[in-house]
Amino acid sequence: MRQIIGLIGALIILVPFSASQLGRLRTATWTYQVMNLVGASLLTVVAALERQYGFILVGGVWACMSAVGLLRVATGATRDGSEA
């Protein structure tokens, strides 16, 4: 079951990443940021259950940065701190 959850988490991250690389989805969108947050959170939970500390670090930081990105999308802030 953990493997299935991990695979789902990975797919949830890879779909928006691939779409962004192909020019189909901008990173400063709710869709991109929510999918990254959900996918990274799932991967972090699986890593924690498996005690895979390197993956906990990667997934945890990815989830935190996705939360920051989601907050920026929600508030309309840009990378330089100005309003979009």
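The values are calculated or read from the model by the stated rules, or taken from the named source; none is laboratory data. The model shown is predicted, which means the values in this text are computed figures rather than measured ones. Ideal geometry is used to build each Cβ from the backbone, glycine not excepted, and the neighbour counts take in all protein chains shown. The area values use the complete protein model at the heavy-atom level, side chains included, leaving out ligands, DNA and RNA. Shrake-Rupley method; radii C 1.70, N 1.55, O 1.52, S 1.80 Å.
Any idea which of Ser18, Ser66 is small (Gly, Ala, Ser), without any contact (Cβ under 8 Å) to a residue 12 or more places away in the chain and outside any loop (DSSP other than H, G, I, E, B)?
Working: Ser66 fails: without any contact (Cβ under 8 Å) to a residue 12 or more places away in the chain.
Going through Ser18, Ser66 in turn, just one is small (Gly, Ala, Ser), without any contact (Cβ under 8 Å) to a residue 12 or more places away in the chain and outside any loop (DSSP other than H, G, I, E, B): Ser18.
Of the residues in the stretch 27-43, how many are in contact with a Pro (Cβ under 6 Å, 6 or more places away or on another chain) and either open to solvent by less than 50 Å² (accessible area, probe 1.4 Å) or outside any helix (DSSP H, G or I) (or both)? If you could, list the steps in order and put the result at the bottom.
Initial filter on the stretch 27-43 (in contact with a Pro (Cβ under 6 Å, 6 or more places away or on another chain)): 32, 35.
With the extra rule that they be either open to solvent by less than 50 Å² (accessible area, probe 1.4 Å) or outside any helix (DSSP H, G or I) (or both), the set shrinks to 32.
The qualifying residues number 1.
When Arg24 is tested against (1) at pLDDT 95 or above; (2) assigned to a helix (DSSP H, G or I), only condition (2) is not met.
If you filter the stretch 67-84 down to residues that are surrounded by 14 or more Cβ atoms within 10 Å (Cβ to Cβ) and aliphatic (A, V, I, L, M), you find that the one that is modelled with the lowest pLDDT is Ala77.
Regarding Val46, is this residue more than 11 Å from the chain's Cα centre (by Cα) and in a helix (DSSP H, G or I)? Before the answer, list the steps.
Values: more than 11 Å from the chain's Cα centre (by Cα): yes; in a helix (DSSP H, G or I): yes.
Yes; evaluated as a whole, the condition is true for this residue.
Selection over the stretch 44-66 of residues that are crowded, with 21+ Cβ neighbours inside 10 Å and not hydrophobic (A, V, I, L, M, F, W, C) gives a count of 3.
Filtered by the rule that a residue be among the small types (Gly, Ala, Ser), modelled with pLDDT of 95 or more and over 17 Å from Leu7 (Cα atoms), the stretch 27-55 gives a lone residue, Gly54.
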